[in-house]
Amino acid sequence: MLNRRVTSGLMVGFLFVTFGAPLFSADWNQWRGGERSGVDLSSPELVDALPERGMKPVWYVIEDDLPAAAASGWSSPVVSGEFVYLFTHKKTQTSQGKLPPLKFPYLPPEKRVGMTDEEYAEYEVNRRDEQETRAKGFRFDEYVYCLNRKNGKLEWVNEHSSVYTRFAQSGSPTVVNDKLFVMSAGRTARAVNTRTGETQWAVKVPGEFRDQYLQSSFAIEGDLAIVLCDGLYALNVNTGELVWEYEVEAKRNIHCSPVIWKSDAGARVICNVAEGMTVCLDVQSGTLVWEVESGAGNATPIIAGDKLLLYGQSRKSGLVCYGLSQTTPDELWRFNGAADSGSSPVALNDLVFVQGDRRLACVALDTGKTKWQTMLDLNRPRYTSLIAADNKVFYAFDGLLAFAAKDKYQPLMQAKINREGLLADEAAFRKLLGINELEKTAEGQKEAELVMRKEFGNGPLVCTTPAISDGFMYIRLKRGIACYDLRK
């Protein structure tokens, strides 16, 4: 375990554009923001469209300066005070020579066609064994990066020796009162001092571990840090001591992050657990208040006034709305027009916006009635969640889509990000790269395709979600992390 602090005299390489100092009034200090709703309610006015020539990043720190930022999991950035924090889980090959091709590679759903459930289950057993054997030729480490939010300078990095998981550990940090909480690989919960970058405590959460990846992010309430690891566990924020645990009978990986409901009867924690169940527990004791078979999965629950929104991984489950209650809640409506493996919706202006199955949809919060739907011209968008600020909704998959938070679909920007971090729409890039001229000949059309593919190999990292605070958006890219000033 190692902490490295970067002194003020050390400069890291980054692209930097000066800007007026923001008044850090709003934090995005955890997964999906301060209220874990995906909405920045105190946002200043934001631009309605990008400049004609695009928008350069305020700063862009590339993988050369954050060596563990690329190919190291899918944790999303968070913002607290004057700093941006990023967690990564990196593997480094220690064995000699090139590894042989995989005998049992991952099979996406379309490649499982024709396999019985038993055949696929056997294939997965073989794939797990093969991956575990190959992992012996690698070293695994975790890094927590602290960057200055004004200029992207590296303030400190916390290094932690880690272990193999089937997919990289990717829970996002939660920052509260000078402590950063993160779920590390191997069921290890950690707290890092945000002033020094030193690990304050690291404890093993009860339960068996082989190679499971646990992507839940901590919810903090008072002196308790609560996280999902099969079941729900509450740890003392100062010591890491286990305060209570809520066991779940079905031991299956669910990556939902818990949310806190400030009910009239006291604080409650709500979280989706295995087998499509959603539970509500008393925060202080961990006792069950109610449970409901919602069909929800990895998506984060959303509390919208007196309503609870849950999102499933199949159209049968869809998006469901319950009336919050101290007893088993009543289902108010269910929208079966979309589903996603992990994307979370947003609720704003008495509307709910949801992404799934290459579809964006807007439904009424009160009734669940469809207001509009539109198809996304994207290749298998999944996991990345919607966020909102200044009555605008953003979706950062492949590029950055923004649309008005209204009951009629009104796109505002459909942008790409190039290798230098420039955020611009297709017309701007076509002009910049001379694509229109190239496409005048058959040979030029082939070259244009290659140019565009190379230029846009650095969009938002799949499965991650940006942070937005005080009008600045922080996007984790395939080759680093960038900050954009979206203020008017």
note = In Å, the C-alpha Rg and Dmax of the range 186-293 are 13.7, 44
remark   = Given 29-36, 189-196, 434-441, the highest-first ranking by average Cβ count within 10 Å works out to 29-36, 189-196, 434-441
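Over all distinct alpha-carbon pairs, what is the Kirkwood Rh of the chain in angstrom? List each step's numbers first, then the result.
On the way: mean 1/r = 0.0428 Å⁻¹.
Evaluated over the chain, this radius sits at 23.3 Å.
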message = For a quick check: with amide H placed at 1.01 Å from N, whose amide H comes under 5 Å from R149's, ignoring anything fewer than 5 positions away on the same chain?
response = F83, V84
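Return the carbon/sulfur percentage of the accessible area of the chain, one whole number, probe 1.4 Å, all protein chains in place. Can you show the working numbers first?
On the way: 10390 of 21380 Å².
The nonpolar share, carbon plus sulfur, comes to 49 percent.
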request  = Go ahead and estimate [θ] at 222 nm for the chain from helices alone: -39,500 (n - 2.57) per DSSP H run with n ≥ 4, summed, over the residue count, rounded to 500.
outcome  = -2500 deg cm²/dmol
note = Per principal axis, largest first, the Cα atoms of the range 295-382 extend in Å by 42, 24, 18
task = Return the tail of the calculated pair distribution for the range 131-191, meaning the percent of Cα-Cα pairs more than 13 Å apart.
result = 68 percent
task = Scan the range 118-188 for trypsin sites (Lys or Arg not before Pro) in coil per DSSP, keeping those whose Cβ has at most 12 other Cβ atoms within 10 Å, and list them by number.
result = none
request  = Tell me which residues come under 5 Å, amide H to amide H, from L332 once H is placed; ignore anything under 5 positions away on its chain.
outcome  = C321, Y322, G323
message = Could you tell me what a quarter of the Cα convex hull surface of the range 73-209 works out to, in nm² with one decimal place?
response = 11.0 nm²
message = If you average the alpha carbon positions of the range 439-488 and of the range 217-282, how far apart do those two centres end up, in angstrom?
response = 36 Å
ask   = Could you give the alpha-carbon Rg of the range 62-131 over 2.2 N^0.38 Å, rounded to two decimals?
value = 1.64
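Over the range 179-275, with the other protein chains present, what is the accessible area per residue in square angstrom, probe 1.4 angstrom? Write down the numbers at each step before the final one.
Working: 3600 Å² over 97 residues.
Heavy-atom accessible area per residue stands at 37 Å².
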task = Could you size up the charge dipole of the range 186-293 around its Cα centre, putting +1 on the beta carbon of Lys and Arg and -1 on that of Asp and Glu, and report it in debye to the nearest 20?
result = 420 debye
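Write down the accessible area per residue of the range 295-382 in Å², having rolled a 1.4 Å probe over the full set of protein chains. Write down the numbers at each step before the final one.
Numbers: 3410 Å² over 88 residues.
Normalised by residue count, the accessible surface of the range 295-382 is 39 Å².
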note = Given the candidates S257, L228, P411, the one whose Cα lies deepest towards the positive end of the charge dipole of the chain, counting +1 at each Lys or Arg C-beta and -1 at each Asp or Glu C-beta, is P411
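The values are calculated or read from the model by the stated rules, or taken from the named source; none is laboratory data. Note that this is a predicted model, so its numbers are computed, not measured. Glycine gets a Cβ as well: all are built from the backbone with ideal geometry, and neighbour counts include every protein chain shown. These accessible areas exclude ligands, DNA and RNA; they are computed on the full protein's heavy atoms, side chains included. Shrake-Rupley method; radii C 1.70, N 1.55, O 1.52, S 1.80 Å.
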